[in-house]
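Each reported figure results from applying straightforward, stated rules to the coordinates on display, with no laboratory input. Predicted, not measured: the structure shown is a model, and the values here were computed from it. Reconstructed Cβ throughout: ideal geometry from the backbone, glycine too, with neighbour counts over all protein chains shown.
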Amino acid sequence: MANDLNSLEQQMMIAITKLMPNAYGVAISDHIERVTGRSYSIGAIYSALDRLEGRGFLESRQGEATATRGGRRKLYFDLTATGQLALKQSLAMIDKLRKTPARAREAFA
Amino acid sequence: MKALKALRPSEWLKWSLILSGAICGFAWFANAPWLMKLILSGVLGVYFALIALIVLNHTRRTRSDGDTVGLDTQSGTQRSSFNPPGVAEWLVVLIVSKRSSDGMLGDLEERFHRHVETHGLRRARWLYWAEVLRSIAPILWAKTKRLGMIAAIAEIWRRTHS
């Protein structure tokens with residue numbers, strides 16, 4: 001399915017909605033680590049962001065350059081309407097799976 | 001020379017690799033004599049020296065772009081006067097696409113200065129290297145797989161045409 005999201009992509013999109021309008025690489029990575037305890041490399045974060053942006057789920061804009069970044073500009077990410085819909089559908093699918101009662105046992109009984 | 005310097009490092013690397021591959025492929029198929037091979041080695045040497053120069057120039061240029069005041073306006077933290085390892089930065093510029101590399105280098109440097117304050121310079125440098133290797137490994141792996149596919153196609157073509 002075109003709107004399928006993997007676990008990292010879901011986590012990142014949720015982090016972006018929480019951090020908007022200040023969602024950039026380090027902030028996203030720190031938020032995920034703080035909440036889930038899982039640490040992702042900056043490279044993994046950027047390749048997922050690139051992928052999501054390519055699919056039209058995110059849009060990026062250049063921010064301010066700060067001294068702690070060696071004069072390089074931040075790249076901020078925002079969720080697009082398509083992205084919000086894809087995230088909603090993806091989470092709804094997981095909820096549906098969780099709420100479905102186990103029928104396997106009944107079938108083998 | 002100015003026009004060459006204006007090229008992005010990733011474009012340079014891509015085109016020089018394509019050209020080098022084409023030259024080597026031609027020499028291999030044509031079973032070139034030793035003088036030809038010597039000339040080709042010289043050409044490849046000049047290519048890679050130019051790539052290195054341009055990548056270093058790009059790293060310096062992106063570092064000097066923008067505001068370099070000593071205080072980070074958003075977090076309010078003072079920037080340490082230490083720089084992250086240049087070779088690691090060079091690797092990121094070389095392997096990652098231009099669009100991602102600027103943002104990535106900035107994020108890596110932000111973390112580096114945070115680590116300098118909490119762990120000290122020596123450990124911060126180690127952590128920077130670890131983070132760079134962790135970051136570029138999946139990208140390199142993907143590129144290698146793609147190159148492996150190209151090599152496999154070339155091998156099939158060679159076998160079917162020999």
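Packing, as the average of other Cβ atoms within 10 Å across residues, places the peptides B:127-137, A:33-43, B:101-111 in the order B:101-111, B:127-137, A:33-43, highest first. The A:A92 and B:F48 beta-carbon pair, evaluated with R₀ = 41 Å, returns a calculated FRET efficiency of approximately 0.20.
Summarising the label geometry, the points placed 7 Å from Cα in the beta-carbon direction at B:H119 and A:D50 lie 2.5 nm from one another. For the segment B:42-51, counting C-beta atoms of other chains within 10 Å of every residue's C-beta and taking the mean gives 0. Peptide B:109-116 is shielded by partner chain Cβ atoms: per residue, an average of 5 of them sit within 10 Å of its Cβ.
Structural descriptor for chain A: relative contact order 29 percent, calculated from alpha carbon pairs under 8 angstrom and at least 6 residues apart. With each label modelled as a point 7 angstrom along the Cα→C-beta vector, the A:A102-A:N22 pair spans 4.4 nm.
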